Amino acid sequence: MTALELNGVRIFKGFLGREAQRALLDQVREAVRAAPFMRPVTPWGKPMSVRMTSAGRVGWVSSRQGYRYAARHPAGTPWPPIPPGALAVWEALSDWPEPPDCCLINHYGEKARMGLHQDRDEGEFAAPVVSISLGDAAVFRVGGTRRGDPTRSTTLESGDVAILGGPARLAYHGVDRVRFGSSTLLPQGGRINLTLRVVRVAPQA
C-alpha cells in the first residue's frame, strides 16, 4: 500500500476497512472498561480537552508532576493489554522487531484539540510511533523537529494510520479540530486515536 507523506510522516489512507474498525473499536471499549478515560491536567494546571487512558505494559499520564509513563492507571489498577487489532497494525506497518509497550487511547469530543507537540517521553527514538484513527475526521498538522518550522495539514479519517518514524520521529504534530459527526463509527460522534509507542524509560509509580 502506498503512503502519503506530510513533512516526513507517512499516512496510510484507509488502512483499516469498516469491519476492522468496528472490531478494533470493540476491543478499545473493553480496554476502557478496565482503565476508564480521565481528563489529564498539564504540568501548569490546565485540563486537556481530550480524555485519555492507556493499555500495555505502561501508560502515559500527565499531571502537575509532569508528563511521564506510569506502571498503573491513576486509580491504582493495572493497564489492560493492548488491543489485538492495534498490535496487528503495528506488526504490519512499524518495521520494528519488538511489540510496543504502550497504546495511548485518546478520545476527542466535539471541541477537543491537541496543540503542536513532540512525542519525546519514551527514551527510544529509533522506534516509530504508530497512530490509528477511528471515528470522526480530524485536521492533522505536522511541522518539523523545531517548534518554529513550517507546518502542513491534512485530514485523517477513520481507518487511516500515520507513522512518525526516521527523521520525522520527533516532528511537532497536533490536531487542530475534529469534524464532529463526519463518521458514523461512534454512535454519539467523536474520534478515537490510538498511539502505539516503544518505551525504554522506567515507569513511575
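FYI, it's all coordinate maths here, none of it is from the lab. Everything numeric here is computed off the predicted structure, so don't read it as measured data. Cβ sites come from the backbone with ideal geometry, for glycine too, and all protein chains shown count toward neighbours.
At a glance:
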item	result
The stretch 68-129: translational diffusion in µm²/s, Stokes-Einstein, Kirkwood Rh over Cα pairs, 4 °C, 1.567 mPa s	92 µm²/s
Computed helical MRE - 222 nm, the chain, DSSP H runs ≥ 4 contributing -39500 (n - 2.57), nearest 500	-4000 deg cm²/dmol
Share of Cα-Cα pairs in the stretch 4-197 lying beyond 20 Å, as whole percent	52 percent
Cα-centred dipole magnitude for the stretch 1-158, charges only on beta-carbon of K, R (+1) and D, E (-1), debye, nearest 20	740 debye
Convex hull per residue volume in Å³, alpha carbons only, for the stretch 120-205	112 Å³
Candidates Pro99, Pro47, Pro81: whichever shows maximal mean-square fluctuation once the chain is modelled as a Gaussian network with Cα springs under 10 Å	Pro47
Directionally averaged projected area (convex hull, Cα atoms, the stretch 1-66), nm²	6.9 nm²
Tensor-based shape of the stretch 103-162 (alpha-carbon gyration tensor, a/c under 1.5 rounded, otherwise prolate or oblate)	oblate
Farthest positive-ward along the chain dipole, Cα basis, beta-carbon charges - from Ala20, Asn7, Ser182	Ser182
Electrostatic dipole magnitude of the stretch 117-205 [Cβ: Lys, Arg +1; Asp, Glu -1; Cα centre; debye, to 20]	220 debye
Footprinting exposure proxy for His73, His117 (fewest neighbouring C-beta atoms within 10 Å first)	His117, His73
Mean Cβ count within 10 Å, highest first, over the residues of peptides 87-97, 49-59	49-59, 87-97
